[in-house]
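Undergrad: Mind looking over this structure? Questions follow.
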Amino acid sequence: MEIIRDEISLLHAKLNMSPAVVILGPRQVGKTTLAIQAAKRLNKDYLYLDMESGQDLAKLGDDPESFFEFYQDKLVIIDEIQAFPILFSRLRSIIDRVRRNGRFLLLGSASPNLVHGVSESLAGRISYLDLHPLKLNEISPNFSMLFHWHRGGFPRAFLAENDTIFSDWMDSYIRTYIQTDLSTLFGINLNPSITNKLWYMLAHLHGGMANIQDLSRSVGVTAPVINRYIDFLEGAFLIYKLQPWFNNAGKRLVKAPKIYIKDSGILHSLLAIKTLDSLQVNPIVGASWEGYVIEQIMYHADTSLQFYFYRTHTGTEIDLVVVKGGKPIAAIEIKYSNVPSPSKGFYIGINDLGTKQNFIITPSSETFPQKNALVCSLGDFVKTYLPTL
């Protein structure tokens, strides 16, 4: 089954406006599929190169400028661009020599800011597109939200024939990242034992504020090493940090970020949660649901919105604060219950922030007002209310 990604229209627009476009996202998220779909829909002849293939690297040789000049009439798709970082500096002169939009489509599985050797500025020549795992509106109505929550959004895992195949694929994906991929992406030698322990610990802390000193003691390394490994996991798009909102000088606010595993399917595999039924009775269910809701909101949101959480040292907390133009515009409480009972701290937080639009998001409840907030399902929020913010 082929799932058409929402990003394909945006990719078309970027290719028409920029000489080069970089699609960034974790391995196996569908970057290559999206790139080829875009080329075919634009009726462009394309050349595909994989920078982790010795054969394709040999084609470039010591003179990639001449190679690309020969193929200047094609859309050149270069996969795993971080494996050949020097190409970023070469692209500057290549693009300037033949300045035409839609020449290069670069696919990367690591943040360029963390890849050794990527320092060349391509401002004005390159555009970026983040590709996330499959979103809720991309799988609806063919699949249920709960199925999507359990399996996450990596296409091959999500579309697996049964839970056993899903689990086997995810286990292999995680093991490969631990043993080789993370080191390969950044061109450094990371210790698989540290990566393994830290990733599994972060899964158990999902949605919480990681204490770096506690993690360093548990793993047996220094705090700077833990921070470095967390940076690489984040740079590989495997975890993300939700920063706190602290523009309230009169409150004692928590200023440490929350850490989430980026994909719910990876989270459940790290925690050995093999089925949706077992997820429902696992102690992580609330934190997992919270992370899934935050992911889906972020993935569907307009780029003008930023997201934070809010927490004071006295217990006032808001799961997600939506900020636009530097001002909080909405507060969101996330509950894994269709009959939610928000804490007093949520309403205190609303008063602190002065937000006018406030929501309590559930799996599948009907929409109804509750005090000065609106209770609604995740599906309704993404479809009806998020676009209005």
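The values are calculated or read from the model by the stated rules, or taken from the named source; none is laboratory data. Worth saying up front: this structure is predicted, and the values here are computed from it rather than measured. Neighbour counts run over all protein chains shown; Cβ positions are idealised from the backbone, glycine included.
Undergrad: Would you pick out the residues in region 305-324 that are at pLDDT 95 or above and loosely packed, with under 15 Cβ neighbours inside 10 Å?
TA: Correct list: K324 only.
Undergrad: Right, next: Quick check on region 251-289: of everything there that is in contact (Cβ under 8 Å) with a residue 60 or more places away in the chain and of a type in the set (G, A, S), which residue is nearest to F158 (Cα to Cα)?
TA: So the residue we want is G265.
Undergrad: Same structure, new question: Applying the selection to region 156-184, what residues are among the hydroxyl-bearing types (S, T, Y), over 25 Å from L136 (Cα atoms) and touching a residue at least 40 places away in the same chain (Cβ under 8 Å)?
TA: Y177, T184
Undergrad: I want to confirm something. Restricting to region 6-32 and keeping residues that are of a type in the set (K, R) and crowded, with 21+ Cβ neighbours inside 10 Å, which single residue is nearest to the chain's Cα centre (by Cα)? Give the derivation first.
TA: Initially, region 6-32 is screened for residues of a type in the set (K, R), giving 14, 27, 31.
Next cut, crowded, with 21+ Cβ neighbours inside 10 Å only: 14, 31.
Details: K14: 20, K31: 13 Å.
Top of the filtered list is K31.
Undergrad: If I go through region 338-374 residue by residue, how many of them are within 19 Å of F246 (Cβ to Cβ), of a type in the set (A, V, I, L, M, F, W, C) and free of Cβ contacts under 8 Å to residues at least 40 places away in the same chain?
TA: Total satisfying the criteria: 3.
Undergrad: Scan region 348-389 residue by residue and report those that are surrounded by 15 or more Cβ atoms within 10 Å (Cβ to Cβ), among the small types (G, A, S) and within 26 Å of the chain's Cα centre (by Cα).
TA: S377, G379
Undergrad: Among the residues of region 75-99, how many are under 19 Å from S18 (Cβ atoms), within 30 Å of the chain's Cα centre (by Cα) and not in a strand (DSSP E or B)? First the steps, then the outcome.
TA: Filtering region 75-99 for residues under 19 Å from S18 (Cβ atoms) gives 75-79, 81, 87-99.
Subset that is within 30 Å of the chain's Cα centre (by Cα): 75-79, 81, 87-92, 95.
If we keep only those that are not in a strand (DSSP E or B) as well, we get 81, 87-92, 95.
Count: 8.
Undergrad: On the basis of being small (G, A, S), assigned to a loop (DSSP other than H, G, I, E, B) and touching a residue at least 40 places away in the same chain (Cβ under 8 Å), does G153 make the cut? Before the answer, list the steps.
TA: On the way: small (G, A, S): yes; assigned to a loop (DSSP other than H, G, I, E, B): yes; touching a residue at least 40 places away in the same chain (Cβ under 8 Å): yes.
Here the answer is yes, as G153 does meet what is asked.
Undergrad: Looking at region 268-282, can you tell me whether even one residue there is more than 15 Å from P244 (Cα to Cα), buried (at least 17 other Cβ atoms within 10 Å of the Cβ), β-branched (V, I, T) and within 16 Å of the chain's Cα centre (by Cα)?
TA: Looking for residues that are more than 15 Å from P244 (Cα to Cα), buried (at least 17 other Cβ atoms within 10 Å of the Cβ), β-branched (V, I, T) and within 16 Å of the chain's Cα centre (by Cα), one finds none in region 268-282, hence no.
Undergrad: Scan region 66-120 residue by residue and report those that are without any contact (Cβ under 8 Å) to a residue 60 or more places away in the chain, of a type outside the set (S, T, N, Q) and surrounded by fewer than 14 Cβ atoms within 10 Å (Cβ to Cβ).
TA: Within region 66-120, the subset without any contact (Cβ under 8 Å) to a residue 60 or more places away in the chain is 66-74, 76-81, 84, 86-90, 92-94, 96-98, 118-120.
If we keep only those that are of a type outside the set (S, T, N, Q) as well, we get 67-71, 73-74, 76-81, 84, 86-88, 90, 92, 94, 96-98, 118, 120.
Result: E69, F70, D73, I86, D96, R97, V98.
Undergrad: Separate question: Restricted to region 12-36, and to residues that are aliphatic (A, V, I, L, M) and touching a strand residue (DSSP E or B) at 6+ places or on another chain (Cβ under 6 Å), which residue is farthest from S89 (Cα to Cα)?
TA: Within region 12-36, the first condition is being aliphatic (A, V, I, L, M), and the residues that meet it are 13, 15, 17, 20-24, 29, 34-36.
Cutting the leftovers down to touching a strand residue (DSSP E or B) at 6+ places or on another chain (Cβ under 6 Å) gives us 15, 20-24, 35.
Details: L15: 20, A20: 13, V21: 15, V22: 14, I23: 18, L24: 18, A35: 22 Å.
Out of the qualifying residues, it is A35.
Undergrad: With the structure loaded, tell me whether A58 is out of contact with any His (no Cβ under 6 Å at 6 or more places or on another chain), free of Cβ contacts under 8 Å to residues at least 12 places away in the same chain and not polar (S, T, N, Q) or whether it fails that test.
TA: On the way: out of contact with any His (no Cβ under 6 Å at 6 or more places or on another chain): yes; free of Cβ contacts under 8 Å to residues at least 12 places away in the same chain: yes; not polar (S, T, N, Q): yes.
Here the answer is yes, as A58 does meet what is asked.
Undergrad: Look at S167 and say whether it is in a strand (DSSP E or B) and among the polar types (S, T, N, Q).
TA: On the way: in a strand (DSSP E or B): no; among the polar types (S, T, N, Q): yes.
No: the conditions fail for S167.
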